Amino acid sequence: SLDWSKARMNSELLSFQANGVTADTTNVMIKAIEADALALETSNVSGLVDFDQQLASFQANESQLTTLLPYNQYQTTMNEFDWEMEDEKVLFRALEGQPGSFVSTDPVRESLNFKGQTAYYDLRSSELKIGGVPYIIAADAFIYPDSGLVDIASGGKMNTLLNARIVADTLNQNHTINRATVKIDGRKHYTASGFYEYNIGEREQEIEFGDIIGTRVGPGKIQFRKVETRARGEVKEADDFFIDHKTRFKGTIELSAANKNLLFDGFALLDADKLPEKYWFTIKSEGDKNNLSIAYLKPFTFEGEPVETGLFLSRETGQAYPRVMMPLSYRRDRPIIPVTGYFTYEEDKDRFVFGDSTKVLGNGLTGNMLVFDNRTGEVQVEGKFNIGSGLSYVEIKAAGTGKTAFNPPQPKVEADENMMSAEDVPAAPVLPPPPTSVDLMMAIPLIVPDELMKIMINDLKSSSFDASNINYLNDINYFKKAALEIFPNNGEVVQAVNDITFGFLDIPAKYNPYAFLFGRLKMKWDPEYQSFVTTSDKNGLTSVQGEAIHKMITSHIECRMLSNNDDRLYIYIKSPSELYYYFEYRQGVLSLISNNTRFMEAFDKIKPADRVSKMPDGETYEITDIAPTRASMFVRRIESAGK
């Protein structure tokens, strides 16, 4: 045994020279600057100590041996080292391509470990400096030190890493944080701050995450909890930050490493050229920056005013108008087709898509959807339409597609030197909304006596051989979507809808109780009449009272939707035999007339008392006849409005 002020060597055989000692097998203990403490301890090494050169070299005799660094509470498999005694330095070496492992022996650090290619121990400062460190795993993250350098102070504390890179989590590597300042406390815990890259196309952006932590999360005993990296940062309006190509954002952004989505909690603004008005609106939604879709339900402006998306009916002007994340003209305006769910931006088409998740995120057939074309200002909608929602006892079910547009944004007129004041600046003209047109499948549950409906059905079936069939195959997708919106989504209905490929849409009668099912009505909104009116003389009549017709029949439909909810419904059907059937319905009163004498004779036979029915709410539903002129007047009016 050889013991001196700086170290001790224990060996069964030490070979002494005039100014040194060698050993084939020895245990070595290098003392720390502080008394009674060891800086390094290893065993089963060969060694050479030269007191003249103040240099000692040691090399392990076995590849699996470890070297202890008690004062720094680490151990390493890097067990070949040189000790420069005068300079108080220990230099470790690893074999080429075989980096050494460094493991914390402090229980608090829970076996924090990493690899390194070189190590340098300063006995004066008790600092262990490790180089060639590819990464450190802490919590669920890869942490890449700048230049691969790591410093361990006395007691085992790792010095704060500067300009590091964090990749989390280790399994999916969803997120990268650059220029990070990282404090690693142990294998299960670290804290940091840094910059998250969020580039959109050529727009280079960063989110500053000032609050990053990787630690145990969730319920249960602490030793069994999972570890996760979470981060939070704030984006201000002045940052001009975009979460996709056309959506600005301000607010907080949160990250959970196992989730590829970020959580956006704040306000968004659509940077859309063709929107005449743009508002910041609330969002709180997860989103994947590489394929961003944002959930929304009831957003508000920054001032707390509700914003809407869809097609609406003004109670003040009688106009149908679109909204895309905007407040309504008046809060009580009637929704024709409201759209909620998700929105996304399609860069290749320069358009925003809003609606039900099954349609926005997939290829679903049901759910409301709105597409805003930022190149043209056009708006397309599809899904369920609220038609005649003010009618009593008659709940029209309508589904299909619609089209309208925004007027182009009006340029502001600036005051010039010839104007006395700003009040002299002429106001921009108020333009009416562009036309609104719809294609609707419409199921109408009018209460009409069975004996009358049978006469009408017999006429239509016996006289419609020359009428053309509805061409379901021309737009199968339209008919499928519309039918699945109106009828129960069960196996029988789905089978019937899929059978459209055979050229017919035959909904089982038990699911089709409607007096009239029109397969496709081309209609437009007429602000003068405050009505949706048909624009074609012939429309596809799929069934009457559940019985298949499938013919293009001369017909006119009008659904008047007045601002006071006093809605009215008008239906005119003329069979190929030139017999017509006309119905008017308003708040519990059905008026009808026909030039089919059998139809009217059957009506006349109905006792007056049987023409009035008591409804569940205590009110009555009455059927009455009207003059034939009412039918002819309606046809002239609707033909004029439909042009």
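The values are calculated or read from the model by the stated rules, or taken from the named source; none is laboratory data. Remember, predicted model here, so these are calculated numbers, not experimental data. When we count neighbours, we look across all protein chains shown, and the Cβ atoms used for this are built from the backbone with ideal geometry, even at glycine. Calculation scope for accessible area: heavy atoms of the full protein, side chains included, ligands and nucleic acids excluded. Shrake-Rupley method; radii C 1.70, N 1.55, O 1.52, S 1.80 Å.
Pairs linking a residue in region 267-288 that is open to solvent by 20 Å² or more (accessible area, probe 1.4 Å) to a residue that is acidic (Asp, Glu), with Cβ atoms under 8 Å and 6 or more positions apart or on different chains, are 274/373; 278/271; 284/265. Only residues that are in a loop (DSSP other than H, G, I, E, B) and either among the hydroxyl-bearing types (Ser, Thr, Tyr) or closer than 20 Å to residue 395 by Cα (or both) were counted in region 513-548, giving 9.
Considering 211, 185, 239, which residue is more than 20 Å from the chain's Cα centre (by Cα) and closer than 30 Å to residue 349 by Cα?
Step by step, each of 211, 185, 239 is checked, and only 239 is more than 20 Å from the chain's Cα centre (by Cα) and closer than 30 Å to residue 349 by Cα.
In the condition set (1) open to solvent by 10 Å² or more (accessible area, probe 1.4 Å); (2) free of Cβ contacts under 8 Å to residues at least 40 places away in the same chain; (3) under 30 Å from residue 350 (Cα atoms); (4) touching a strand residue (DSSP E or B) at 6+ places or on another chain (Cβ under 7 Å), residue 264 is compliant with all but (1). Within the span defined as region 409-418, one or more residues are open to solvent by 70 Å² or more (accessible area, probe 1.4 Å), basic (Lys, Arg) and modelled with pLDDT under 95. Quick check on region 497-512. Is at least one of its residues in contact (Cβ under 8 Å) with a residue 24 or more places away in the chain, in a loop (DSSP other than H, G, I, E, B), under 29 Å from residue 595 (Cα atoms) and in contact with a Lys or Arg (Cβ under 8 Å, 6 or more places away or on another chain)? Within region 497-512, none of the residues are in contact (Cβ under 8 Å) with a residue 24 or more places away in the chain, in a loop (DSSP other than H, G, I, E, B), under 29 Å from residue 595 (Cα atoms) and in contact with a Lys or Arg (Cβ under 8 Å, 6 or more places away or on another chain). Listed by first and then second residue, the pairs with beta-carbon distance under 6 Å, at least 6 apart or on different chains, first residue in region 111-127 and of a type in the set (Ser, Thr, Tyr), second in a strand (DSSP E or B) and buried (at least 20 other Cβ atoms within 10 Å of the Cβ), are 121/90; 121/128. The residue of region 96-127 that is surrounded by the most Cβ atoms within 10 Å (Cβ to Cβ), among those that are charged (D, E, K, R) and touching a Phe, Trp or Tyr at 6+ places or on another chain (Cβ under 8 Å), is 115. Out of 543, 555, 575, 613, one residue alone is among the hydroxyl-bearing types (Ser, Thr, Tyr) and open to solvent by 10 Å² or more (accessible area, probe 1.4 Å). It is 613.
Screening residue 318 on (1) under 20 Å from the mean Cα position of the chain (by Cα); (2) on the phi > 0 side of the Ramachandran plot shows it passes everything except condition (1).
Scanning region 4-39 for residues that are in a loop (DSSP other than H, G, I, E, B), within 19 Å of residue 61 (Cβ to Cβ) and open to solvent by less than 80 Å² (accessible area, probe 1.4 Å) yields a total of 2. Output the residue which, of all residues in region 458-496 that are polar (S, T, N, Q) and part of a loop (DSSP other than H, G, I, E, B), is surrounded by the fewest Cβ atoms within 10 Å (Cβ to Cβ). Step by step, filter region 458-496, then rank; the result is 490.
Just checking, does region 65-85 include any residue being without any contact (Cβ under 8 Å) to a residue 12 or more places away in the chain, under 27 Å from residue 11 (Cβ atoms) and open to solvent by 30 Å² or more (accessible area, probe 1.4 Å)? Looking for residues that are without any contact (Cβ under 8 Å) to a residue 12 or more places away in the chain, under 27 Å from residue 11 (Cβ atoms) and open to solvent by 30 Å² or more (accessible area, probe 1.4 Å), one finds none in region 65-85, hence no. Restricted to region 1-18, and to residues there that are closer than 24 Å to residue 124 by Cβ and of a type outside the set (Phe, Trp, Tyr), the residue that is modelled with the highest pLDDT is 8.
If I filter region 289-335 down to residues being of a type in the set (Gly, Ala, Ser) and either open to solvent by 10 Å² or more (accessible area, probe 1.4 Å) or assigned to a loop (DSSP other than H, G, I, E, B) (or both), which single residue comes out as farthest from residue 200 (Cα to Cα)?
Step by step, filter region 289-335, then rank; the result is 318.
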